[in-house]
Structure formats: structure tokens, C-alpha cells
1. Might you check whether a residue that is at pLDDT 95 or above and in contact with a strand residue (DSSP E or B) (Cβ under 6 Å, 6 or more places away or on another chain) occurs anywhere in segment 114-124?
2. For the list (1) touching a strand residue (DSSP E or B) at 6+ places or on another chain (Cβ under 8 Å); (2) surrounded by 15 or more Cβ atoms within 10 Å (Cβ to Cβ), I need the number of the one condition that residue 210 fails.
3. Determine whether segment 52-62 contains at least one residue that is in a loop (DSSP other than H, G, I, E, B), at pLDDT 95 or above and under 13 Å from the mean Cα position of the chain (by Cα).
4. Just a yes or no: is a residue in segment 28-35 without any contact (Cβ under 8 Å) to a residue 60 or more places away in the chain, in a helix (DSSP H, G or I), out of contact with any strand residue (DSSP E or B) (no Cβ under 7 Å at 6 or more places or on another chain) and farther than 18 Å from residue 152 by Cα?
5. Of the residues that make up segment 181-194, is at least one without any contact (Cβ under 8 Å) to a residue 60 or more places away in the chain and surrounded by 15 or more Cβ atoms within 10 Å (Cβ to Cβ)?
6. Pick from 156, 124: which is more than 28 Å from residue 26 (Cα to Cα), touching a helix residue (DSSP H, G or I) at 6+ places or on another chain (Cβ under 8 Å) and surrounded by 19 or more Cβ atoms within 10 Å (Cβ to Cβ)?
7. Working carefully through the options 4, 87, find the one that is closer than 17 Å to residue 156 by Cα and either modelled with pLDDT of 95 or more or surrounded by 21 or more Cβ atoms within 10 Å (Cβ to Cβ) (or both).
8. Quick check, is residue 111 under 16 Å from the mean Cα position of the chain (by Cα) and more than 24 Å from residue 2 (Cα to Cα)?
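The values are calculated or read from the model by the stated rules, or taken from the named source; none is laboratory data. Since this is a predicted model, take the numbers as computed values, not measurements. Here the Cβ is made from the backbone with ideal geometry for all residues, glycine too, and neighbour counts use every protein chain on show.
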């Protein structure tokens, strides 16, 4: 069986003008994960990342931490996160927006949970992307990742896309995607094993780079 390691990006810049940039802590996280994967003996023969800057910066940090020179990689936009800011704005287009929903973590994630559940039900008018399109592109990305000929694939994506891939693989009921997403740590490793005929979920939200000594510094969720 071949292996797929799919990593959520490191800490980005929540609340900043441009979220899609790793924070200083995010760069430290990604290099630390790379070192931990190297200790585990992980040697990918294929790298694939989403098209967002935080995916590329996380990938570069992982490669550096693994002690490798810059690596060739593919870009698959199906691994991109859904537009959570646009989705929240669409959901509150005709009602007063929740205070600080784009800048306060507690408010943001509380509103995001309810909004994604409504989006999945089809109850958000004119979202930036339909739920069906989001789920479809994630499954198309999964097919691209789990191709024949690669023994070990390392991919970098975002929490929403990874959680939908997990939920779809497990045939999970409606609503499970966002529950998985809200638990996912920055730089968490999620694992699948696959063959030409099968695709299995094998590991969730693993953080081999975090231990009791560094968790206060490196453990983040947004």
C-alpha cells in the first residue's frame, strides 16, 4: 500500500490584512515538523501542495527542516481552503454581522461552525463556492494525490479541505467536516494508505514535532 501524508498549513496571520502569510511561529512550526518527519524516516517521492501562499511557505519550511534541497512539487488548487471570509459575509449579507467575526478567534470559529453547517445544508444564498463544488474539487484532488506509481506522497493543504477529504473517505454524516476542521492543529499530519482499488484513512491530527517541552510555543489551531 502507498502512503499519503497530508499536512495542514502552519500558523497563518489570523486577523491581519493578509491571512495567507505564515506568522513567525508558523515558520518555526513547519521546520520543526520537517525535522520530526525526517527522524521518522519519511522520504516522500512526490510533493503536491495547494495554490495558496501559506501552503507553499509551509512546504518550504518542511523541506528545509527535513534537510533537503528545494524540491520539485506540483500545485493542485483542489487543495485550497474554501473562502471562509466570503462565506461568512454571504451568510450575513442581510443580517447584522456578528461583532469581530473576522478578527476575534472565539467569535470567528463560533460563527464559522454554524455557517459551514448552513452552507452544507444549502442554506447560504450565493456563497463564493457551492458546497457541492467544494466537495467535488476535494475529491478530485484526492484522486490526483493517490495516483499509481508514487509510494509516499506528502501534500500540504488547509483544514477545511483536509477535513472534507477525511469525512468523505469515512462516509461520515452531514456536519462532520466542520467538527473535524475545528479540532485540526496547525502543521498536523493526516495519513491515508491506498492502492489502485482502495483508499483508507490511517491517521488524524498527528503532531510528531510537538512534545511537553515545546507545546506552549508550537501548539496552535489558527
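1. no
2. Here residue 210 clears every test but (1).
3. Yes; the residues of segment 52-62 include at least one that is in a loop (DSSP other than H, G, I, E, B), at pLDDT 95 or above and under 13 Å from the mean Cα position of the chain (by Cα).
4. Yes; the residues of segment 28-35 include at least one that is without any contact (Cβ under 8 Å) to a residue 60 or more places away in the chain, in a helix (DSSP H, G or I), out of contact with any strand residue (DSSP E or B) (no Cβ under 7 Å at 6 or more places or on another chain) and farther than 18 Å from residue 152 by Cα.
5. As a first pass, look at segment 181-194 and keep what is without any contact (Cβ under 8 Å) to a residue 60 or more places away in the chain: 183.
Remaining after also requiring surrounded by 15 or more Cβ atoms within 10 Å (Cβ to Cβ): none.
Within segment 181-194, none of the residues are without any contact (Cβ under 8 Å) to a residue 60 or more places away in the chain and surrounded by 15 or more Cβ atoms within 10 Å (Cβ to Cβ).
6. On the way: 156 fails: more than 28 Å from residue 26 (Cα to Cα).
The match here is 124.
7. On the way: 87 fails: closer than 17 Å to residue 156 by Cα.
Of the residues listed, the single one that is closer than 17 Å to residue 156 by Cα and either modelled with pLDDT of 95 or more or surrounded by 21 or more Cβ atoms within 10 Å (Cβ to Cβ) (or both) is 4.
8. Numbers: under 16 Å from the mean Cα position of the chain (by Cα): no; more than 24 Å from residue 2 (Cα to Cα): yes.
Taking the combined requirement at face value, the residue does not satisfy it.
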